[in-house]
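The structure appears below as structure tokens.
The values are calculated or read from the model by the stated rules, or taken from the named source; none is laboratory data. Note that this is a predicted model, so its numbers are computed, not measured. Neighbour counts are summed over all protein chains in view; Cβ atoms, including those assigned to glycine, are modelled from backbone coordinates with ideal geometry.
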Amino acid sequence: MKPDQSDQIIDHDDHDDHDDHGAEPERRQRAWGDPRAVVMRWAVPPDGHGLDGAGALAHKVRRLGRERAASVVAAGDFRVVEGGVSRPIAADERLAKGTLVEVWRLPPDDPADIVEEPGVLLQQDGLIVVDKPGNLAVHPTARYLHATVTSWLRRRGTPANPCHRLDRETSGVLVCADDRDVERRWKMAFAAGRVQKTYMAVVDGVLDAACTIDRPLALQGERGLVRIRMVADNAGQAAVTLVEPLEVSPDGRRSLVRCRPQTGRQHQIRAHLAALGHPIVGDKLYQMGDAWFDAFTRRALDAEAGAALPAPRQCLHAEQVVLDDVVLTAPVPALFKQVLAGR
């Protein structure tokens, strides 16, 4: 029985999927021939010409790294497709550009893993706009295949492509399109900064007044324990966020704020608020810190450390997206009121 042929980019680097940080590779169960497996196929690109199997796979699925890619090759799950039939790639085999290859993998999750399904905000004129819950990845990643917005849309019978990205734990407006021209228009608008985005967040501490955070951001990389963390760096990319305080919790410990990013950097709002001294409540990296986050990704937290997380997920919500005369709004989750009230 052949597995489903998937054209999904299952190695999509969702910056909220942390499998590429610090965790030891799990023992690999062979996927080839398993009826539960999914497959991704592609042709070796020109810049991959002459690479061996592990090199070619790591080139395509960059989060794997060469060592883990070699284990996939050794298991027979990275294969050459010839005449409609696949064969395993030998460890020392060099691949020519244009060679059709496929990688097999077992799904890491199940559709039943979706605890809360998205709500559909708009479905017309080539757009499918959803209110993404804060426990659902957008694209398939190392941890999530079925429990993603794209897979949910496909199962719903309305396959569409997201036009922008949200971290898995960020809820709110997600614009998707099932029409190529509409998708292109929205993606170009996001890239050009023409889309106005408004986020709501619950943060530590009290903000006294509205402010503009203008701090270039760059990946921490080898400068710290967690490579994917974004840090203020004058040599980084320009990043500007407008922040407006809205409400203070009864005990004066937390604030509800509105954020309007003027640029679109990775983790921008999370990193900027943390740099201001007001990290987002429940943010596993920017509020809890590198050491806690590192232990979390390695599943090495003890019970006391795990209980220290003040909210089940980061309290960041994409409230509104505006392009020209199109205004898309998602209501703020009840979780925010609960967290602000100290519950």
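Criterion first (without any contact (Cβ under 8 Å) to a residue 24 or more places away in the chain and closer than 20 Å to ALA308 by Cβ) does GLY289 satisfy it? In short, yes.
Per-residue answers, yes or no, for (1) within 19 Å of the chain's Cα centre (by Cα); (2) over 23 Å from GLN338 (Cα atoms); (3) among the hydrophobic types (A, V, I, L, M, F, W, C):
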site: VAL226; (1), (2), (3): yes, yes, yes
site: MET230; (1), (2), (3): yes, yes, yes
site: ASP233; (1), (2), (3): no, yes, no
site: ALA239; (1), (2), (3): no, yes, yes
site: PRO245; (1), (2), (3): no, no, no
site: CYS259; (1), (2), (3): no, no, yes
site: GLN262; (1), (2), (3): no, yes, no
site: HIS272; (1), (2), (3): yes, yes, no
site: LEU276; (1), (2), (3): no, yes, yes
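Kindly indicate whether LEU207 is part of a loop (DSSP other than H, G, I, E, B) and closer than 24 Å to GLN123 by Cβ. Judged against the criteria, LEU207 is not a match.
Within segment 213-230, being of a type in the set (A, V, I, L, M) and either in contact with a helix residue (DSSP H, G or I) (Cβ under 7 Å, 6 or more places away or on another chain) or not assigned by TED's automatic domain parsing to the domain that holds ARG270 (or both) holds for ILE213, LEU217, LEU225, VAL226, MET230. Among the residues of segment 204-232, the ones that are in contact with a Pro (Cβ under 8 Å, 6 or more places away or on another chain) and surrounded by 15 or more Cβ atoms within 10 Å (Cβ to Cβ) come to 3 in all. Within segment 246-272, residues that are touching a residue at least 40 places away in the same chain (Cβ under 8 Å) and hydrophobic (A, V, I, L, M, F, W, C) have Cβ atoms under 7 Å from residues that are loosely packed, with under 15 Cβ neighbours inside 10 Å and not in a helix (DSSP H, G or I) in these pairs: VAL248/VAL206; LEU256/LEU246; LEU256/GLU247; VAL257/GLU244; VAL257/LEU246, counting only partners at least 6 apart in sequence or on another chain. Number of residues in segment 180-202 that are farther than 16 Å from GLN266 by Cβ and touching a Lys or Arg at 6+ places or on another chain (Cβ under 9 Å): the value is 6. With respect to PRO216, is the statement that it is under 22 Å from VAL322 (Cα atoms) and not hydrophobic (A, V, I, L, M, F, W, C) true? No, not satisfied. I'd like the full set of residues that are polar (S, T, N, Q) and more than 20 Å from the chain's Cα centre (by Cα), limited to segment 316-343. Passing the criteria: THR329, GLN338. The set of residues in segment 166-198 that are assigned to a loop (DSSP other than H, G, I, E, B) and surrounded by 18 or more Cβ atoms within 10 Å (Cβ to Cβ) comprises LEU166, ASP167, ARG168, GLU169, THR170, VAL195.
If you go through segment 249-293 and keep only what is β-branched (Val, Ile, Thr) and surrounded by 16 or more Cβ atoms within 10 Å (Cβ to Cβ), you end up with VAL257, ILE269, ILE280, VAL281. Among the residues of segment 302-314, some residue qualifies, meaning at least one is closer than 26 Å to GLY252 by Cβ, in contact with an Asp or Glu (Cβ under 8 Å, 6 or more places away or on another chain) and either in contact (Cβ under 8 Å) with a residue 40 or more places away in the chain or of a type in the set (S, T, N, Q) (or both). Contact annotation: no residue pair with Cβ atoms under 8 Å, 6 or more positions apart or on different chains, pairs a residue in segment 193-210 that is closer than 12 Å to THR241 by Cα and in contact (Cβ under 8 Å) with a residue 24 or more places away in the chain with a partner that is aliphatic (A, V, I, L, M) and in a loop (DSSP other than H, G, I, E, B).
Restricting to segment 220-234, name every residue that is closer than 15 Å to ARG265 by Cβ and in contact (Cβ under 8 Å) with a residue 24 or more places away in the chain. Residues satisfying the conditions are ILE228, ARG229, MET230, VAL231, ALA232. Failed condition for ALA239, given (1) out of contact with any Phe, Trp or Tyr (no Cβ under 9 Å at 6 or more places or on another chain); (2) modelled with pLDDT of 95 or more; (3) hydrophobic (A, V, I, L, M, F, W, C); (4) closer than 26 Å to GLN123 by Cβ, with all others met? Exception for ALA239: condition (4).
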